[in-house]
Structure formats: C-alpha cells, structure tokens
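First up is the structure itself, then whatever we jot down about it.
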Amino acid sequence: MSQRLKFVFVIAAATFGSGFLWAAQQSDVIVNPLAGNTTAIQAGARLFDRSCAQCHGTAGIGDVRAPALNTGRFSHGGEDADVFHSIKAGVPRTEMDPNPDLSDQQIWQLVAYIRSLGPAASATPAPAAAASAANTGDPQAGETLFFGKAECATCHDVNGRGGAVGPDLSAAAQLLPVAVRQKILDPNAPAPGAGARAAGAGGRAGGGGAGRGGGASVTVVVKHRDGHEVRGIRRNEDTFSLQLIDATGKLLFIDKMAVAEVRVDPTSLMPGYQGKLTPAEVNNLVAYLGTLRERDLTKTTGARIPGGMPYERLAAGAEPQNWPMYWGNYQGTRYSTLKQIDTGNARQLQAVWATPIPGDSILEATPIVVDGVMYVTGSGNPLTVTALDAKTGRQIWRYTRNQPVRSPYEINRYNRGVTILDNRVFVGTLDAMLIALDARSGAVLWQVQMADTMEGHELTSPPLAIKDKIIMGISGGEYAIRGFVDAYDPVNGKRLWRFYTIPGPGEFGNDTWKGDSWQKGGGAAWLTPTYDAELNQIYIPVGNPAPQSDRSVRGDGLDNLFSCSVVALDANTGQRKWHYQFTPNDGHDWDSTEDMVLVDRTWHGQARKLLLHADRNGFFYVLDRTNGKFLQGTPFVHQTWNAGFDPNGRPILVPNSNSSPEGSILVYPTLGGGTNYQSPSYSAATGLFYLEYSESGQQYVSAAAEFERGRQYIGRPAGRGGPAPARGPNDPPNSSGIKALDPETGRTIWDFKTFQGSLTNGLMSTAGNVVFASIRDGNFAALDAKSGKALWHFQTGAALAASPISYAVDGRQFVALEAGNFVYAFALPEAR
C-alpha cells in the first residue's frame, strides 16, 4: 500500500455553529472537510471576490490573467489537496503567488466555493430522500412548464434554447435536487448542502473552456445620475467598469465613474414560485432538470437564437461603429467610414487598453466588433475565442478547445479570427473542425469535421457568412490534398454544397492536370472570400498547386486549374460562374490567396463593377467581376517572369523563369511574393488601393517530390541548388514598404519604406484620410492617405503579424490590432 500521508481533520464545532460536529477522516484521498457546507461556501465566495476574482474572473469564469475555475479541471492537480496546495503555496513560474496569510480554514472555504462552481464530479451525492422526491415528477410535463407557463427559458438556456440572463442549465442534473427545489420556491433562501452550486453551475461554455456563469449569481443595481436605476446580473467588474446582463438578456457596459451608485442587491433577479406553481408542478420541473446531465449537441443543433447580427445588417454595410467580418465588409475593402480620427489629430492617438490573448503562437487574427463586443481568437493549441468589452478590453466570456487530434507535421499554427451571423460565432480549427458558438455565452451549438487533419487539412482563416450559408475553404496547400470550398447551413451545420478547386474527371479543367495528379493537386482556398450580394457571387482566392515546386508531377506546361486563380461561384449552388488564373503552372508558390477587392467605380470613363487584386506574382490586376474579363495588369514591384499579357489576359512567360531541376534565372519576386495575404485596403475617399509589399528575387529550383500521407508535398531541395544568379544591372536592391496605387493606371502614387518586410502585416484606410499600418518591426503607424506622410506611430514592443480594424463605442472611434500576444486599442484623448 502507498505510504501517502493520512490526515485527521478536526474542526471546532463553534466555528460553524452548534449543529456542526467534530469530523474525522482517514483516507489516501484527502477530502475537504467543509465540502458542501453552505456557510463555508458563502465564506469562500467572499474570500474569492476579495482575493481571487481580479485574476480568475467573477465567479471563476476566467480572465485574461488566469484560467477559469468553474470547469472542474485544474492544470496542477484536481484533488481537494491539490487545489489547497496551489492556493497555499502558489504555482511556480506563474502569476499565482503563495497565500501564507490565509489560514487553513480559509483555504478550505475557498476550495469549497471553487468546487461549488464546477461540474458534478465534485458534488456531494444527493440524499436518497431528495433524489426520490425528484423522481416523483413527470419530466415531460416539467419541460413543458420550463419553456411555457413557468417562463424559465426567459432567463435560462437549455441546449441552445432559452435566454442568457441566468446560468445555462443544460447540465442541471449536476445540482442537488433538494437545492433545485428550494431555488425554485425561494431563490433568496440559503441553499442546503452543496446547493450553492444551484445558483450558477452549468454556465461554462459547452465543448470546453469557461463561459458565462459559474458560482452564485450576483444581482447589482446601478443608479444613474438622473435617478433611474438598472438592475441585472453581474458578469464582470473591476474598479472602473461593470458588465451587467438585465432581465431582458441585454448586456450592459457600465462606466462606474459616470454613475451615481453601484450596489449589490441581496434579492435575486429570479422570481420565487412559492404559491405560483403547485407542488406537483415543482416536482415536474425538478424531474425535468434532473434529466439534463450535459449539454447535448444533438439538441443544440438547429437551436433558434434571437438577436445578434443578421444578414440584412451585414449586407447593408451602413454601420461604421462595427467591424463585423474579417475584411470589414463583403467587398473586402478594409475601409472604415469613421472619420473622428483624421490627418489633423492622428498624432494625438494613445493606447486605451491592452488585453492578453492565450496562445502558443504569435497572433495573426483580425478581431471583429459587433455592437460594442469584440470577438478575437488566439493561435495554436488550445484554440481560444474570447469576447471582450470593446470599450475597456474586459473579458465577457471565453471558449477554449483542446485539439483532440494533432498531426505531427502540423505547421500553420495560426487562427485568423471568427465571423458572425445572427447570434452565432463561427470559427475553424487546426484539425479542420468548423464550430458554431452561441455569441451570448461561447457555448457550442454545433461542430462539423470538414476533413482529416492527418492528411494535412487545416482551417486557419475565418469563414464567410452570407444570408443562409457559412462558406469555408480548406487550408493545407503545402500537403498532398485536393482543395475545396464548402457551404454549411448556419443553424444546423448541414453541408449544402462543395466546390473542388482542383477539378476531377469530367469537370471543366481536369485536362490541365497530368494523369491522376489532380487527386493531390493542392489548390487550398485558405483565406476568406469576398461576396457581391447583388450578383450573388462569391470570389474564391485559390492557392498554389501541389507539389509546390516539382511541376513534372502535374505536367510541365499544363495550367493546373484552378490553382493560383480567382473563381467566381454562384452562392446558391456552388457552381463555377467564371475564373481567371493569375499564374498558370506555378512553380514559385505564388498563392493567389490575397484579398479579392470588389469596387464599383468609374474606370477609363465607364462605370464598372471591378475586382482589384494585388497578387504574390508582383502584378496588380483589374478584372470585370461580372464575367472575369481581364482589364489591366501592372507590376507593383520589380518582376522578371512575365513579358506581358496576350489579348485574353494570359501572361507571356519569360523563358527559364519557372522552377526546374537546373534552377531558374534570378526571378523577381521571391517565393514569399511581392505581397501576400496581408490585408490591402481600398479607400472610397481617395480612390486609391493600398498594400504592403516586399521587393526581392531568387532562383527557383525543383527536386523530385515524394508523397507521404500528411507530410509536406513540395518538391524542392533543402538547399537551392548552388548560388543564385547575380543581380542584373536593372534589378533593384531588396526593399519593403507600403504603396498607394491608382487603379485607373496601376501607377504608384506614393511609397513609404519600412525597415522590415512581412507576409502578414496589413492595412486599413478610413474616411479621415488616414491609412493605419501594422509593421513587422513592432510599429503601429498612421499615414496620410493622400501623401504617405507618417502622422503617428506606436512601438508595441512585439513582432506584429496582423491587420488593424476600426470601430466606435459611445461615439468614440477606436483602432485596434493584435501585437505579439496582446490586443491593443487606441483612441484620441477623451474631452474633459
């Protein structure tokens, strides 16, 4: 037998009143002697609010500084003694300090309270009599009551059905039936035994991670200076700000310095049902809640959730206070009509808040903002989606998902954000799972496995949300996959159509592939598409063919459609309407997964519906987006591969400029491209197109590509086959910067040089004639949109790999971006 220490716990009866007897226990498993004791839990709650909530969040929901404690899972041991030790001694190499000033009794009170926040595993078993009483009711009648006469669903959610005011009761069976009964009859009475959890258990986000709820719900009253009062449940609070959810389910953000009073109301927001329901009806309700053992994704699928950001608002694009999607709008212009910040005052910008986002890789996401709430993702594993108060940066909820299956050859350890439709937030994962979350809480509504990650499939960018579809393209173009784009029903996750970016036998373009090479042809569509609602066309940016450099496998000289192309799809059916290929038979890794910008403007004297695109191959393109007709192609960096275009817009290749075993000539641009997926911007105010660029060249060498499931499928030697050819007399020195292009001519209007080039840092333009630029060396800068003159910059002290956004809260314009592992928000000083 193990010689673990055995403890005898002796607690004075006077500590908790005469009814508490001396307790003794001998066991190899150390159990809190105060487990389930109501008085101890209440004392622990007070201690937690005073000493722990500032890091672990109100009721243990988790915060940016420390993990959630309402999940029942603990990183440093889950036994009572482990939790006790973590509180007492701290956790080395973390911000969790020792607490030598707390007595053992106080620590056991904290452990009891923390246990009351979590799932059933730590619950004291329900007394047999209570359990028997619960079973006398009719669960089906109780369900009818819950969603009908009793109006419980006005505040409580069960499997995606109901409100978001009170705790999620999808796992209500974890509560003691006697406590549930008492809570229904009189929510203000102290809960017996472990019933303190009845006030708030079950509020964690389904599928993993902390969400809303956990712990006793605290009712707070806010008295405004004009005398009117607001009453609601506290979600989060610090010295200066408060988050409340009122009885209607509306989330309120309170500036505590701007109100007359904030006070805790001991009276629950929940009504008592004593005298309103018969004893039999109460039995029925308790019986129904007793059937709810865990959140059931077979029932959350298809849940009707009111409110949020509907398609009509997204399509109208008339809400400059919001940044509701990756590109800012369906057109991909990354342009904000906000103009509070302009060329005259940009120099006054200052950091307003900074919030860390968990992740084991540098952040690349573009946050979205809807009605004052910012949604942002972390990178790597576990995946996190965090909802923040966009005014203060304070957390509202966080969803966390550990990747159950991870490819040993996984390389793209990034997540670039989420999208929203109605009250659902959609996110893809590195193991190719598409997930729908409840925007109110972060709880999982449905999840769909799009492909097998062990073959190289990934999801790294946000999907596109249109009227009745979620459009998601697969990542993994470095592997031997066959790219595709899917459409899903946003309510239930059912797949509606699939378009393969690499055509199979009998499909248009299959003859552009050698033999059966199409089966492993690459063509990942990994960046978010754009959408023309009037034409009902989706514009899909498609990546490189596979193997990336060994063209012999797929046919030297064959086009390899639809790699390195834009494909216009009918949104209803997923059928191809037209395509244009930027780089046929690419051997350079010149993905065309850059923004397909949709602009309506006069071009060469004629009103046109245009598609503007700066490609990795170094050319800026103007296409007619109604039919794909090539209108213009102009180099924006030095290029040596294309001698011009034929009448149909096909490039005329310079001999020996593609990859080969012998090596190409010195080719501009490099493998990284003249630009990459970093966000460009088109300003409606100036009519100019802005992009970050890099100018350099290299030799392209191929080698035989060997297929192995799940490993990269490149066909390039480890070295590059010897020294590259010397730079020619007309080849420029290497450089990087930000350019403004005139779409009418393709001419460069201004050129702002940067110290470091980047494949990830992007731009945003505004109606204030400011271009905001994320720069790899850590600087966030504001440039004059007309001249390129630097107006302001802020050194974040971190490597930047993301693009900025703009939004407004309470009439104040913010600009925000991710830097390192933080989200920063900036604004002008507030008027005093």
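Total residues in the range 526-552 satisfying the condition of being part of a loop (DSSP other than H, G, I, E, B) and touching a residue at least 40 places away in the same chain (Cβ under 8 Å): the figure is 16. Looking at this structure, is residue 474 aliphatic (A, V, I, L, M) and free of Cβ contacts under 8 Å to residues at least 60 places away in the same chain? In short, yes.
Criterion applied to 431, 422, 452 was being within 24 Å of residue 710 (Cα to Cα) and open to solvent by 10 Å² or more (accessible area, probe 1.4 Å), and the one residue passing it is 452.
The residues of the range 230-248 that are outside any strand (DSSP E or B) and farther than 22 Å from residue 60 by Cβ, listed by number, are 247, 248. For the range 776-791, residues that are free of Cβ contacts under 8 Å to residues at least 40 places away in the same chain and either open to solvent by less than 10 Å² (accessible area, probe 1.4 Å) or of a type in the set (S, T, N, Q) (or both) total 3. For the range 775-816, the set of residues classified as part of a loop (DSSP other than H, G, I, E, B), touching a strand residue (DSSP E or B) at 6+ places or on another chain (Cβ under 7 Å) and over 23 Å from residue 378 (Cβ atoms) consists of 785, 787, 788, 789, listed by residue number. Being out of contact with any Phe, Trp or Tyr (no Cβ under 8 Å at 6 or more places or on another chain) and open to solvent by 10 Å² or more (accessible area, probe 1.4 Å), is that true of even one residue in the range 537-549? The answer is no; no qualifying residue exists. For the range 73-101, filtering for residues that are part of a loop (DSSP other than H, G, I, E, B), more than 25 Å from residue 402 (Cβ to Cβ) and touching a residue at least 24 places away in the same chain (Cβ under 8 Å) leaves 1.
Scanning the range 722-768 for residues that are more than 16 Å from residue 679 (Cβ to Cβ) and surrounded by 21 or more Cβ atoms within 10 Å (Cβ to Cβ) turns up 743, 768. Here residue 362 fulfils each of the conditions (1) assigned to a strand (DSSP E or B); (2) of a type in the set (A, V, I, L, M); (3) open to solvent by 10 Å² or more (accessible area, probe 1.4 Å) apart from (1).
Checking every residue in the range 792-801 against the condition of being aromatic (Phe, Trp, Tyr) and surrounded by fewer than 24 Cβ atoms within 10 Å (Cβ to Cβ) gives at least one match. Any chance the range 310-320 includes a residue that's buried (at least 20 other Cβ atoms within 10 Å of the Cβ) and either among the β-branched types (Val, Ile, Thr) or in a loop (DSSP other than H, G, I, E, B) (or both)? Scanning the range 310-320, I find no residue that is buried (at least 20 other Cβ atoms within 10 Å of the Cβ) and either among the β-branched types (Val, Ile, Thr) or in a loop (DSSP other than H, G, I, E, B) (or both), so the answer is no.
If only residues of the range 365-383 that are of a type in the set (S, T, N, Q) and in a loop (DSSP other than H, G, I, E, B) are counted, the one that is farthest from residue 432 (Cα to Cα) is 366.
Going by the structure shown, is residue 590 more than 21 Å from residue 528 (Cα to Cα) and touching a residue at least 24 places away in the same chain (Cβ under 8 Å)? For residue 590, the condition - more than 21 Å from residue 528 (Cα to Cα) and touching a residue at least 24 places away in the same chain (Cβ under 8 Å) - is not met.
Look at (1) farther than 30 Å from residue 301 by Cβ; (2) without any contact (Cβ under 8 Å) to a residue 12 or more places away in the chain and you find that residue 494 fails only one, number (1). Of note, residue 691 satisfies the criterion of being at pLDDT 95 or above, under 21 Å from residue 734 (Cβ atoms), out of contact with any Gly (no Cβ under 6 Å at 6 or more places or on another chain) and hydrophobic (A, V, I, L, M, F, W, C).
Within the range 713-720, the presence of a residue that is among the aromatic types (Phe, Trp, Tyr) and over 30 Å from the mean Cα position of the chain (by Cα) is excluded. Scanning the range 125-154 for residues that are exposed (fewer than 15 other Cβ atoms within 10 Å of the Cβ) and at pLDDT below 85, we see that the one that is farthest from residue 41 (Cα to Cα) is 136. If the condition is being among the small types (Gly, Ala, Ser) and either at pLDDT below 70 or within 35 Å of the chain's Cα centre (by Cα) (or both), then the range 77-124 contributes 77, 78, 86, 89, 90, 112, 116, 118, 120, 121, 122, 123. Against the numbered list (1) among the hydrophobic types (A, V, I, L, M, F, W, C); (2) open to solvent by 20 Å² or more (accessible area, probe 1.4 Å); (3) under 26 Å from residue 614 (Cβ atoms); (4) in contact with a Ser or Thr (Cβ under 6 Å, 6 or more places away or on another chain), residue 499 comes up short only at (4). Note on the range 413-464: residues that are closer than 24 Å to residue 158 by Cα and aromatic (Phe, Trp, Tyr) amount to 2. So, in the range 155-171, exactly how many residues are surrounded by fewer than 24 Cβ atoms within 10 Å (Cβ to Cβ) and outside any loop (DSSP other than H, G, I, E, B)? So the answer is 2.
Of 740, 718, 705, 684, all but one fail to be over 29 Å from residue 519 (Cβ atoms), small (Gly, Ala, Ser) and either assigned to a loop (DSSP other than H, G, I, E, B) or touching a residue at least 60 places away in the same chain (Cβ under 8 Å) (or both); the exception is 684.
For the range 655-678, give me each residue that is of a type in the set (S, T, N, Q) and at positive phi.
656
Of the residues screened, residue 514 is one that is surrounded by fewer than 24 Cβ atoms within 10 Å (Cβ to Cβ), of a type in the set (Lys, Arg) and assigned to a loop (DSSP other than H, G, I, E, B). From the list 626, 686, 634, the lone residue that is farther than 23 Å from residue 749 by Cβ, under 36 Å from the mean Cα position of the chain (by Cα), surrounded by fewer than 23 Cβ atoms within 10 Å (Cβ to Cβ) and at pLDDT 95 or above is 626. Only one of the numbered conditions (1) under 21 Å from residue 71 (Cβ atoms); (2) open to solvent by less than 30 Å² (accessible area, probe 1.4 Å); (3) in a loop (DSSP other than H, G, I, E, B) is violated by residue 397, and that is (3). Consider residue 634 against the criteria (1) outside any loop (DSSP other than H, G, I, E, B); (2) under 20 Å from residue 545 (Cβ atoms); (3) of a type in the set (Val, Ile, Thr): it satisfies all of them except one. Which criterion is unmet? Answer for residue 634: the failing condition is (2).
Cβ-Cβ below 8 Å, separation at least six or inter-chain, first residue in the range 610-635 and within 18 Å of residue 530 (Cβ to Cβ) and touching a residue at least 24 places away in the same chain (Cβ under 8 Å), second of a type in the set (Lys, Arg) and crowded, with 21+ Cβ neighbours inside 10 Å: which pairs? Hits for this filter: 610/625; 611/625. Of the residues making up the range 525-533, none is small (Gly, Ala, Ser) and modelled with pLDDT under 95.
The values are calculated or read from the model by the stated rules, or taken from the named source; none is laboratory data. Nothing here was measured: the structure is a model prediction, and the numbers come from that model. For neighbour counting, all protein chains shown are included, and Cβ atoms are generated from backbone atoms with ideal geometry for every residue, glycine included. Please note that ligands, DNA and RNA were not included when accessible areas were found on the heavy atoms of the full protein model with its side chains. Shrake-Rupley method; radii C 1.70, N 1.55, O 1.52, S 1.80 Å.
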